[in-house]
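Contents: one structure, followed by commentary.
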Amino acid sequence: MKLSALQQSYLNRRSNSFRGSAQLDSAADGSVKSPAAVFWLVLHGVCCLISLVLGFRFSRLVFFFIFSTSATNLYTAPFRGAAEIASHLDVRSTPVTGAADRVVVGRHGIRIRPWPHPDPVEVMKAHQILERVQREQRALFGVKNPRTVIAVTPTYARTFQKLHLTGVMHSLMLVPYDLVWIVVEAGGVTNETASIIAKSGLRTIHVGFRQTMPNSWEGRHKLESRMRLHALGIVREQKLDGVVMFADDSNMHSMELFDEIQNVKWIGAVSVGILLHSTDSSATIQREGEEESTPMPVQGPACNATNKLVGWHTFNSLRYAGRSAVYIDDRAPVLPRKLEWSGFVLNSRLVWKDVDDKPEWVKDLDELDGAGEEVESPLSLLKTTSMVEPLGNCGRQVLLWWLRVEARSDSKFPAQWIIDPPLDITVPSKRTPWPDAPPELPSNEKMSDGAQTQDQQINKHSTKTKTPRTRRSRTKRRHDTKVIGVQASTLSVSEQQN
Amino acid sequence: MDFWKWVFFGFLCAALVLRIGAVELGRNQPTERISGSAGDVLEDNPVGRLKVFVYELPSKYNKKILQKDPRCLNHMFAAEIFMHRFLLSSPVRTLNPKEADWFYTPVYTTCDLTPNGLPLPFKSPRMMRSAIQLISSNWPYWNRTEGADHFFLTPHDFGACFHYQEEKAIERGILTLLKRATLVQTFGQRNHVCLKDGSITIPPYAPPQKIYAHLIPENTPRSIFVYFRGLFYDVGNDPEGGYYARGARAAVWENFKDNPLFDISTDHPTTYYEDMQRAVFCLCPLGWAPWSPRLVEAVVFGCIPIIIADDIVLPFADAIPWEEIGVFVDEEDVPKLDTILTSIPPEVILRKQRLLANPTMKQAMLFPQPAQPGDAFHQVLNGLARKLPHDRSIYLKPGEKLLNWTAGPVGDLKPW
């Protein structure tokens with residue numbers, strides 16, 4: 001009943017509206033009304049019907065399609081129905097502004113291309129543009145006329161050598177200027193060192209030094225100074241031109257250091273952060289309570305308010321007196337010298353022979369060679385220390401850090417850190433790291449298996465990581481999460497099957 | 001004789017060619033001189049080339065309005081207030097109106113702000129009309145030319161059409177009384193009712209102290225390819241899109257929202273200025289009106305502006321060769337924006353950056369207090385000076401009336 005009532009009222013409304021328009025029509029016939037106005041009324045009625053039938057949005061869309069002149073629409077298929085309706089209605093459009101080439105006010109379509117995602121070729125081109133812009137920026141605001149950096153590194157073969165040298169090597173590989181790396185090795189040139197530095201791709205000069213590295217820190221510092229002087233001798237011999245910096249193999253350098261040292265004229269000093277790893281910190285804290293506040297662990301030039309060099313911040317070793325390391329593997333803090341070599345940079349021309357414009361306050365390198373006393377820092381090269389240029393915002397910026405970490409003197413490590421042949425030391429494990437391993441084989445079979453796997457290992461010993469994986473694939477596919485367990489316990493696995 | 005003539009001719013040609021794009025090594029960066037169409041007009045000094053007389057209007061037209069709402073000093077329409085202050089203490093000001101070339105009426109029509117800070121233009125036509133009635137009755141200079149040697153600052157969205165909605169603004173048209181005066185406005189679009197011939201387009205006001213407080217070292221590498229922060233859809237006024245920015249901003253979003261080269265979003269980061277200095281291109285698309293303060297920010301921070309606004313007239317277009325400095329992209333080419341930008345040769349990009357690095361270019365876009373040589377105030381005066389001397393025909397015969405004082409909507413005629 002209700003429905004029919006609704007329907008009735010709807011019909012009434014419809015007939016009312018038509019009657020209304022019919023009345024108007026008759027009125028139009030009676031009065032002097034233009035057919036265009038009538039036409040607009042009829043159109044209005046039709047659009048009301050469309051609204052009722054299709055909904056409000058669609059009728060607005062119809063109007064949009066009729067009245068927008070310059071829009072190119074990329075909406076998808078369902079909307080094309082409305083477009084067809086629009087095309088059937090032949091209506092004169094009235095743009096809001098006049099001429100055809102003017103920008104039209106009103107609703108425009110949102111233009112979306114068929115595949116609105118990044119194009120890899122475009123992305124590469126954009127990166128090349130960025131690279132070019134950044135190169136130009138470096139050329140404009142970076143260092144003008146960059147000089148070659150000559151890095152001097154004294155080293156010797158030991159457990160931690162690969163760790164330290166890899167760090168220095170990567171820092172030097174990132175330097176954006178020309179670089180010459182002079183590596184002086186105590187005990188003569190070894191393959192270990194040579195293989196490490198060959199990977200750098202830098203221009204290297206690898207020389208050996210007759211003496212082997214002693215086991216005490218005192219001795220080590222002395223020998224390193226002599227090795228550095230030897231390297232300076234090479235600079236002089238080969239007339240290498242550039243800025244000499246001392247990159248000790250366990251130090252850490254920031255990239256700003258290399259930009260800053262380009263500004264040196266003759267001899268410059270930078271601030272070095274001193275990192276001591278003290279093992280018994282509890283004892284030190286108690287003692288600190290009595291003294292004044294801890295001094296900052298920075299070595300370098302000290303300036304007054306007008307940025308002129310007035311002195312030096314040196315390392316105060318009195319606090320650690322008696323508790324510092326004597327031998328290289330002591331578990332005690334390793335102390336630096338008063339002023340470390342790494343905090344100084346020199347113009348290579350200072351060590352050249354027979355150069356006219358060398359300043360008169362510098363001694364000749366030959367004078368230091370035969371000297372009985374130890375050369376502690378490059379300051380010994382100078383007759384007066386007032387000509388040292390403080391770099392890094394007058395020593396306020398710490399541009400590199402000094403650290404000494406070494407392993408026990410009796411620590412053995414695999415040559416070039418490659419396990420070949422497998423180690424003799426066996427540590428049998430009672431339990432395998434993974435649950436579904438095959439049961440333990442009887443010992444004689446284990447021997448033959450072990451021999452087989454040994455052969456396999458000898459054949460495929462290129463990298464340590466490959467062997468465990470191939471063996472795993474022979475037995476079963478494991479979870480990836482077990483990989484860590486595999487690498488850590490390769491030895492145990494191989495020993496288990498031996 | 002002929003030979004020497006040819007030599008002279010050749011010398012002139014060479015001089016003409018060499019003048020363009022002379023590279024001079026600045027203190028920090030090699031910059032290129034901006035040679036506009038009329039020569040190096042950005043560096044002209046207007047002092048001595050014109051005289052401006054400033055009418056003394058009662059403070060209800062300027063000071064009292066500012067006292068009611070001091071926010072007017074910081075929004076992008078503040079140029080009208082600062083221009084007044086600049087002219088009061090400038091050497092081009094003259095206290096003798098008989099020797100003045102130009103007359104300035106200090107009326108702040110864009111200072112009636114909503115609580116949000118947006119100016120309402122509904123009372124502005126009445127305010128302007130009332131000011132003009134005052135000056136025409138108290139001084140004889142308006143009636144002499146019916147305003148042809150007067151200039152007014154109308155920095156609102158659509159200039160002297162005094163409305164923020166484009167359709168209504170077009171309907172109103174420029175206020176009848178200002179039809180003969182020179183208008184200094186931020187709006188500029190070719191073949192538009194609200195841009196009168198001979199108007200001077202100025203950049204929107206951007207506070208210079210805020211800009212200088214956010215400078216970063218010049219050697220910071222520019223690592224962002226395209227940068228934009230702002231609305232793409234104006235959900236409040238145009239939820240479906242297609243109306244706001246003529247659909248151009250929405251097209252940018254839909255086409256490039258997942259493109260790693262385009263750093264675009266609706267965020268309001270605190271590092272907005274710093275990020276612009278790390279970008280190579282900055283988008284300056286139209287919004288409800290074609291002009292935007294982004295252009296000023298891009299120029300000051302050395303980011304190449306990408307102007308997406310058909311038929312826009314940029315500030316000081318007769319003095320600054322915008323085609324050589326920015327990249328113009330038609331609204332219909334927005335889907336191809338990445339192709340367009342990556343196909344610009346790197347030398348062209350570097351040249352644009354050199355032109356942008358020129359300090360005269362940056363200075364011309366700003367309104368510093370106190371005024372400095374070459375800034376936007378001086379460029380406005382240069383523009384006015386270039387229009388001198390006035391044509392004899394602007395002077396009307398006594399009693400002659402060209403403007404219809406009662407034209408326009410009835411609401412405008414109510415006294416203010």
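If I filter the stretch A:125-145 for residues that are within 14 Å of chain B (Cβ to nearest Cβ), under 25 Å from the mean Cα position of the chain (by Cα) and touching a residue at least 60 places away in the same chain (Cβ under 8 Å), do I get at least one hit? Yes, the stretch A:125-145 has at least one match. Number of residues in the stretch A:378-423 that are surrounded by fewer than 17 Cβ atoms within 10 Å (Cβ to Cβ), touching a Pro at 6+ places or on another chain (Cβ under 8 Å) and in a helix (DSSP H, G or I): the value is 1.
Which of the following residues is of a type in the set (Gly, Ala, Ser) and free of Cβ contacts under 8 Å to residues at least 12 places away in the same chain: B:Gly230, B:Gly236, B:Gly247? The unique qualifying residue is B:Gly236.
Count of the stretch A:350-376 residues, restricted to those that are more than 15 Å from A:Lys239 (Cα to Cα) and modelled with pLDDT of 80 or more, is 5.
Within the stretch B:255-278, the set of residues being surrounded by 21 or more Cβ atoms within 10 Å (Cβ to Cβ) and at the interface with chain A (Cβ under 10 Å from one of its Cβ atoms) comprises B:Asn255, B:Phe256, B:Leu261, B:Phe262.
Per-residue answers, yes or no, for (1) open to solvent by 20 Å² or more (accessible area, probe 1.4 Å); (2) within 14 Å of another protein chain (Cβ to nearest Cβ); (3) closer than 30 Å to B:Lys210 by Cβ:
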| site | (1), (2), (3) |
| --- | --- |
| B:Glu347 | yes, yes, no |
| B:Leu366 | no, no, yes |
| B:Phe377 | no, no, yes |
| B:Asn404 | yes, no, no |
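Report whether or not B:Gly408 is loosely packed, with under 12 Cβ neighbours inside 10 Å and on the phi > 0 side of the Ramachandran plot. Against the criterion (loosely packed, with under 12 Cβ neighbours inside 10 Å and on the phi > 0 side of the Ramachandran plot), B:Gly408 does not qualify.
If you check B:Gly242, B:Gly236, B:Gly247 for being under 30 Å from A:Gly109 (Cα atoms), of a type in the set (Gly, Ala, Ser), open to solvent by 60 Å² or more (accessible area, probe 1.4 Å) and not assigned by the TED database to the domain that holds B:Phe77, only one passes: B:Gly236. Residue by residue through the stretch B:54-67, note down the ones that are outside any loop (DSSP other than H, G, I, E, B) and closer than 18 Å to B:Met128 by Cα. The answer is B:Val54, B:Ser59, B:Lys60, B:Tyr61, B:Lys63, B:Lys64, B:Ile65, B:Leu66. Kindly check whether there is at least one residue in the stretch B:136-152 that is aliphatic (A, V, I, L, M), farther than 30 Å from B:Val300 by Cβ and open to solvent by less than 10 Å² (accessible area, probe 1.4 Å). No, because not a single residue in the stretch B:136-152 is aliphatic (A, V, I, L, M), farther than 30 Å from B:Val300 by Cβ and open to solvent by less than 10 Å² (accessible area, probe 1.4 Å). Every test in (1) more than 14 Å from chain A (Cβ to nearest Cβ); (2) in contact with an Asp or Glu (Cβ under 6 Å, 6 or more places away or on another chain) is passed by B:Tyr212 save one, and that test is (2). Being open to solvent by 50 Å² or more (accessible area, probe 1.4 Å) and within 14 Å of another protein chain (Cβ to nearest Cβ) is true of B:Ser343. Annotation for the stretch B:380-399: no member residue is more than 13 Å from every other protein chain (Cβ to nearest Cβ), open to solvent by less than 40 Å² (accessible area, probe 1.4 Å) and within 28 Å of A:Glu122 (Cβ to Cβ). Within the stretch A:320-345, the set of residues being β-branched (Val, Ile, Thr) and open to solvent by less than 30 Å² (accessible area, probe 1.4 Å) comprises A:Ile328, A:Val334, A:Val345.
What about B:Gly287, is it part of a loop (DSSP other than H, G, I, E, B), free of Cβ contacts under 8 Å to residues at least 40 places away in the same chain and either away from chain A (no Cβ under 13 Å) or under 26 Å from B:Thr186 (Cβ atoms) (or both)? Spell out how you get there, then give the answer.
Working: part of a loop (DSSP other than H, G, I, E, B): yes; free of Cβ contacts under 8 Å to residues at least 40 places away in the same chain: no; either away from chain A (no Cβ under 13 Å) or under 26 Å from B:Thr186 (Cβ atoms) (or both): yes.
It is false that B:Gly287 is part of a loop (DSSP other than H, G, I, E, B), free of Cβ contacts under 8 Å to residues at least 40 places away in the same chain and either away from chain A (no Cβ under 13 Å) or under 26 Å from B:Thr186 (Cβ atoms) (or both).
Reported count of residues in the stretch B:173-199, each being within 14 Å of chain A (Cβ to nearest Cβ), buried (at least 19 other Cβ atoms within 10 Å of the Cβ) and touching a Gly at 6+ places or on another chain (Cβ under 7 Å), is 3.
How many of the residues making up the stretch B:203-228 are assigned to a helix (DSSP H, G or I) and either touching a Leu at 6+ places or on another chain (Cβ under 8 Å) or open to solvent by less than 40 Å² (accessible area, probe 1.4 Å) (or both)?
As a first pass, look at the stretch B:203-228 and keep what is assigned to a helix (DSSP H, G or I): B:208-212.
Then drop every residue that is not either touching a Leu at 6+ places or on another chain (Cβ under 8 Å) or open to solvent by less than 40 Å² (accessible area, probe 1.4 Å) (or both), which leaves B:208, B:211.
The qualifying residues number 2.
Within the stretch B:398-416, residues that are of a type outside the set (Gly, Ala, Ser) have Cβ atoms under 6 Å from residues that are part of a loop (DSSP other than H, G, I, E, B) in these pairs: B:Leu402/B:Glu146; B:Leu403/B:Glu146, counting only partners at least 6 apart in sequence or on another chain. Considering only the stretch B:324-335, state which residues are in a helix (DSSP H, G or I) and farther than 20 Å from A:Val103 by Cα. Selection gives B:Glu324, B:Ile325.
The values are calculated or read from the model by the stated rules, or taken from the named source; none is laboratory data. Remember, predicted model here, so these are calculated numbers, not experimental data. Reconstructed Cβ throughout: ideal geometry from the backbone, glycine too, with neighbour counts over all protein chains shown. For the accessible areas, the whole protein counts, side chains as well, though only heavy atoms, and no ligand, DNA or RNA atoms are used. Shrake-Rupley method; radii C 1.70, N 1.55, O 1.52, S 1.80 Å.
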